[in-house]
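**Student:** To start, I am sharing the structure in question, which I have written as structure tokens.
The values are calculated or read from the model by the stated rules, or taken from the named source; none is laboratory data. None of the values given here were measured: they were computed from a predicted structure. Every residue, glycine among them, receives a Cβ derived from its backbone with ideal geometry; neighbour counts consider all protein chains shown. When the accessible area is computed, the model is the full protein with side chains, heavy atoms only, and any ligands, DNA or RNA have been set aside. Shrake-Rupley method; radii C 1.70, N 1.55, O 1.52, S 1.80 Å.
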Amino acid sequence: GAGVSQSPRYKVAKRGQDVALRCDPISGHVSLFWYQQALGQGPEFLTYFQNEAQLDKSGLPSDRFFAERPEGSVSTLKIQRTQQEDSAVYLCASSLNRAVDNEQFFGPGTRLTVL
Amino acid sequence: KQEVTQIPAALSVPEGENLVLNCSFTDSAIYNLQWFRQDPGKGLTSLLLIQSSQREQTSGRLNASLDKSSGRSTLYIAASQPGDSATYLCAAQGIMKTSYDKVIFGPGTSLSVIP
């Protein structure tokens, strides 16, 4: 289908390793969001892109987290020197345009486990 | 700062029962409120989106209501089925200041419908 896809679906990293998580939004969607979901919790906002511009990164928990969307389509969330508290499901969502009343479509998530 | 809570945290009902899930938010200045479904290991599926000017939305056996003044929304599921078993999350989106505002999620209600 033409939904939001994420890869890898599962990632196990040793503490201190760097990881890169990929999001392929729905083609033509302007807005892209990253969320972090801890076990038993709702997703928490990390960052927002409008095309290639990162308009809000206030949810990134530390400077070890970095996100980019250089051509306004695919996005990568990078976590440097992973720590155990980074273990969570990382969800990506996209929506059609800038309007806030546009529905967000979510990918299946990447489950990151840091040992 | 917007906070979203959901009651109950978990619910188990026999098949065929009607049920109500509750969502509360602290800041009534919202643009919309959305209900999602999340199956284990999957991303989020949007069920209903209620604009701030609306009181309710219906889709099949689902009905969601919104009372901004009291900071509450309810999701009503009629004639529950085992396939309805999932986690249900509500999310509030703030008043648009530019072209978007953050979506704040509740922790979810885990629903089990027993055959």
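**Student:** So if we plug the beta-carbon distance of residue B:52 and residue A:17 into 1/(1 + (r/R0)^6) with R0 = 35 Å, what FRET efficiency do we get, rounded to 0.05? Walk me through the intermediate numbers first.
**Tutor:** Details: r = 44 Å, r/R0 = 1.25.
Efficiency computed from Cβ-Cβ geometry: 0.20.
**Student:** If you find the alpha carbon centre of region A:8-53 and of region A:60-109, how far apart are they in angstrom?
**Tutor:** About 3 Å separates the Cα centre of region A:8-53 from the one of region A:60-109.
**Student:** Where in region B:1-57 are there trypsin sites (Lys or Arg not before Pro) that are in a DSSP coil and have at most 12 other Cβ atoms within 10 angstrom of their Cβ? Display every interim value, and only then the final one.
**Tutor:** Numbers: sites: B:1, B:37, B:42, B:55; in loops: B:1, B:42, B:55.
Qualifying residues, ordered by number: B:1, B:55.
**Student:** Taking only protein heavy atoms and a 1.4 Å probe, what accessible area per residue, in Å², does chain B have with all protein chains in place? If you can, show how the numbers build up before the last one.
**Tutor:** Details: 5390 Å² over 115 residues.
Solvent-accessible surface per residue comes out at 47 Å².
**Student:** Taking only the Cα atoms of the protein assembly as shown, how large is their convex hull per residue, in Å³? Intermediate values should be presented prior to the final figure.
**Tutor:** On the way: hull volume 28.2 nm³, N = 230.
So the per-residue hull volume is 123 Å³.
**Student:** Hey, can you grab everything whose amide H is under 5 Å from the amide H of residue B:27? Only 5+ residues off in sequence or another chain; H modelled, so Pro and N-termini drop out.
**Tutor:** Correct list: B:3.
**Student:** To the nearest 0.05, how large is the calculated FRET efficiency for residue A:68 and residue B:13 if R₀ is 41 Å and r is the Cβ-Cβ distance?
**Tutor:** On the way: r = 45 Å, r/R0 = 1.09.
It comes out at approximately 0.35.
**Student:** To the nearest hundred square angstrom, how large is the accessible surface buried between B and A, total for both chains, probe 1.4 angstrom? Present the calculation step by step, with values, prior to reporting the outcome.
**Tutor:** Numbers: alone 6280 and 6520 Å², together 11020 Å².
Interface area, both chains combined: 1800 Å², rounded to the nearest 100.
**Student:** Tell me, what % of the accessible area of region B:1-84 is carbon and sulfur with a 1.4 angstrom probe? Walk me through the numbers before you get to the answer.
**Tutor:** On the way: 2030 of 4250 Å².
Heavy-atom surface of region B:1-84 belonging to carbon and sulfur, 1.4 Å probe: 48 percent.
**Student:** Something else about it: Could you give each residue of region B:70-83 its phi-based ³J(HN,Hα) in whole Hz, using Karplus coefficients 6.51, -1.76, 1.60 with θ = phi - 60°, and x for Gly or Pro?
**Tutor:** Per residue, the Karplus-derived 3J(HN,Hα) values read 9, x, 9, 9, 10, 10, 9, 10, 8, 6, 4, 10, x, x Hz.
**Student:** Can you tell me the length gained on complete extension of the stretch residue B:59 to residue B:81, counting 0.36 nm per residue apart and subtracting the Cα distance? Working shown, then result.
**Tutor:** Numbers: separation 22, 0.36 × 22 = 7.92 nm, distance 1.53 nm.
Gain on stretching residue B:59 to residue B:81: 6.4 nm.
**Student:** So which of A:57/B:68; A:57/B:1; B:1/B:42; B:42/B:68; A:78/B:68 end up more than 26 Å apart, counting from Cα to Cα?
**Tutor:** On the way: A:57/B:68 28 Å; A:57/B:1 17 Å; B:1/B:42 29 Å; B:42/B:68 30 Å; A:78/B:68 38 Å.
The pairs that break the limit, which is 26 Å between Cα atoms, are A:57/B:68; B:1/B:42; B:42/B:68; A:78/B:68.
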